[in-house]
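S.K.: The structure's right below; bear with me while I get my questions together.
Any read-out appearing in this document is the output of simple, stated calculations on the displayed coordinates, not a laboratory observation. For clarity, every value in this text was computed on a predicted model and none was experimentally measured. Cβ placement follows ideal geometry from the backbone for every residue including glycine, while neighbour counts extend to all protein chains displayed.
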Amino acid sequence: MYNFKVKSIIHDYEVAFIDNTKEVLKNELKEGDFIIIDNKIKELYKDELNDTLASFQHIGIDAAEPKKSYQGAMPVIQYLIENGFRKNHRLIAIGGGITQDVTAFMASILYRGVDWYFFPTSLLAQGDSCIGSKTSINFNEYKNLVGGFYPPNKIFINPDFLNTLSDAELKSGLGEMLHYFIVSSEEDFRRFKKDYPQALVDKKVLAGIIARSLEIKKSYIEIDEFDKKERQVFNYGHSFGHAIESLTNYRIPHGIAVSYGMDMSNFVSVKLGYIPQQVRNEVRELVEKIWEGTTITDIELNKFTSALSKDKKNIGKQLGLILNKGYGKIFKDLRPMDDEFVSWLQEYFDTQLQPQFA
Ligand SMILES: NC(=O)c1ccc[n+]([C@@H]2O[C@H](COP(=O)([O-])OP(=O)(O)OC[C@H]3O[C@@H](n4cnc5c(N)ncnc54)[C@H](O)[C@@H]3O)[C@@H](O)[C@H]2O)c1
Ligand SMILES: [Zn+2]
């Protein structure tokens, strides 16, 4: 089993890879713990979780972006307060990134902070979001705009959960993890690209990618947990990606939107002479496999530029874009939303959405 610790300004926490969720729940949970669980997981893993759910209070939530909001979180808080949850009790989240964000947000504000444990069940949550302390929820149509930093006390990763993920969710997780490998180095990117086909069918290969993804992320969050400087490069693909998610009403899963976003960032980086076309092509060949079967041709350019202009990384009227100067050389660039930039986006939507490597 591969375990490690993450250093945090708030409190250090442990990540453990496990293979028996039932046993770990039995050993780790104590009186007063309150489980927040994705309804889908509750149903899919009935046999494994029934004993625990019979012994502990729990509340099921639907993993949908509109639920990751005040409107979604407040009834849960009401329920917790009314059902005996105290400051010395703990929240136990079992689910993907949405269950995580809702639980983390509540854990951080309820009684000025309560302890929480996390059992990530989606690939995205196992290979990315489970570490890093972020707790944001959505505010109306604006994604991840309200929240802070509040890590769990412990994270238990069981890759067996991934057996029930849909193909799209698996690819979303891989797309999300890919951005860490490109930010890290050419060697990491090449390894990811080589392992990708096997990772879709072999959980051991996938677990290796998860472990490396977390290792890369850990090395950044331990020096810039609050996302002021070094960590910001992990927004690579995300300004464009968030705009795609919200303009398609979350039809496109997060990591797939980020894959489109990385290609857009690379397209702009080629226009600016930062990378040769060949680097963009190498990444494009891979991201096309990730987003295969999805389409974003219904997005209107003016809505896209408007969504981009509301990104939280922007400074004044400048867009805070994360661009590419090569593997391991992803960086933040401030650029105006001028006619030239808008014409590049227009060109992207007009000419770049057909498969180029099919
Ligand atoms: N806090 C952070 O640092 C951070 C980082 C990245 C993403 N996020 C957020 O995470 C969310 C995306 O995460 P996600 O993709 O895990 O979303 P999610 O929680 O919605 O899970 C995706 C889908 O997979 C289902 N699912 C989860 N585990 C499953 C399993 N084992 N088997 C079958 N189905 C399963 C869920 O019910 C849901 O339908 C976004 O809201 C994003 O903003 C947060
Ligand atoms: Zn992401």
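S.K.: Calculate one ³J(HN,Hα) per residue across segment 180-193 by plugging θ = phi - 60° into the Karplus curve 6.51 cos²θ - 1.76 cosθ + 1.60, and present them in order as whole Hz with x for glycine and proline.
M.R.: Once rounded to whole Hz, the list reads 5, 5, 6, 5, 5, 5, 5, 4, 5, 4, 5, 5, 4, 5.
S.K.: If you don't mind, another one. Using the scaling law 2.2 N^0.38 Å as the reference, what is the normalised Cα Rg of the chain?
M.R.: 0.98
S.K.: With angles folded into 0 to 90 degrees, how steeply does helix 203-221 sit against the dominant principal axis of the chain? Use alpha carbons for both and round to 10.
M.R.: Tilt relative to the chain: about 80 degrees.
S.K.: For a protection proxy built on the mean count of beta-carbon atoms within 10 angstrom, sort 123-133, 39-49 highest first, please.
M.R.: 123-133, 39-49
S.K.: Would you mind computing, in nm to one decimal, how far apart the modelled labels at Gln346 and Ile223 are, each placed 7 Å from Cα along Cα→Cβ?
M.R.: Between Gln346 and Ile223, the simple spin-label model gives 4.1 nm.
S.K.: What do you get when you divide the Cα radius of gyration of segment 167-351 by 2.2 N^0.38 Å, with N the number of residues?
M.R.: Taking the Cα Rg and dividing by 2.2 N^0.38 Å, one obtains 0.98.
S.K.: Suppose R0 equals 35 Å. What FRET efficiency, 1/(1 + (r/R0)^6) with r the Cβ-Cβ distance, do Asn153 and Lys329 give to the nearest 0.05?
M.R.: Result of the calculation: an efficiency of 0.50.
S.K.: Past 29 Å, Cα to Cα, is the threshold; run Lys5/Lys310; Lys204/Lys228; Lys68/Lys325; Lys22/Lys312; Lys171/Lys217 against it and keep the listed order. Walk me through the numbers on the way to the answer.
M.R.: Values: Lys5/Lys310 35 Å; Lys204/Lys228 35 Å; Lys68/Lys325 35 Å; Lys22/Lys312 40 Å; Lys171/Lys217 19 Å.
Long pairs (Cα-Cα over 29 Å): Lys5/Lys310; Lys204/Lys228; Lys68/Lys325; Lys22/Lys312.
S.K.: State, to one decimal in nm, how far the label point of Ser306 lies from the label point of Leu200, with both points 7 Å from Cα in the Cβ direction.
M.R.: 3.7
S.K.: Between Lys7 and Ser185, 0.36 nm times their residue separation minus their Cα-Cα distance comes to what?
M.R.: The span from Lys7 to Ser185 would gain 61.8 nm if fully extended.
S.K.: With runs of 4+ DSSP H residues as the only contributors, calculate the mean residue ellipticity of the chain at 222 nm using -39,500 (n - 2.57) per run, divided by the residue total and rounded to the nearest 500. Write down the numbers at each step before the final one.
M.R.: Details: 13 runs with 165 residues, N = 358.
Computed ellipticity for the chain at 222 nm equals -14500 deg cm²/dmol.
S.K.: Working from Cα positions, state the angle (0 to 90°, nearest 10) between the long axis of helix 97-109 and the longest principal axis of the chain.
M.R.: Between helix and principal axis, roughly 60 degrees.
S.K.: Run the simple label-point estimate for Asn140 and Asp62 please: 7 Å along Cα→C-beta, distance reported in nm.
M.R.: Distance between the two pseudo-spin positions: 2.3 nm.
S.K.: Counting other C-beta atoms within 10 Å, and keeping those with at most 15, which DSSP coil GluC sites (Glu not before Pro) do you find in segment 121-209?
M.R.: On the way: sites: Glu141, Glu169, Glu176, Glu186, Glu187; in loops: Glu141.
In loop regions of segment 121-209 (DSSP not H, G, I, E or B), the sparsely surrounded GluC sites (Glu not before Pro) are Glu141.
S.K.: Rounded to the nearest 5, what is the percent of antiparallel bridges among the DSSP beta bridges in segment 3-164?
M.R.: 25
S.K.: Same structure, new question: Of all alpha-carbon pairs in segment 123-201, indicate the percentage at a distance above 17 angstrom.
M.R.: Values: 1808 of 3081 pairs.
Summing the P(r) of segment 123-201 above 17 Å gives 59 percent of all pairs.
S.K.: Please state, to two decimals, what the Cα-based radius of gyration of segment 270-358 comes to when divided by 2.2 N^0.38 Å (N = residues).
M.R.: Normalised by 2.2 N^0.38 Å, the Cα Rg of segment 270-358 equals 1.16.
S.K.: Once you sort the root eigenvalues of the Cα gyration tensor of segment 3-164 as a ≥ b ≥ c, which label holds: rounded (a/c under 1.5), prolate (a/b larger than b/c) or oblate (the other case)?
M.R.: Note, shape of segment 3-164 comes out rounded.
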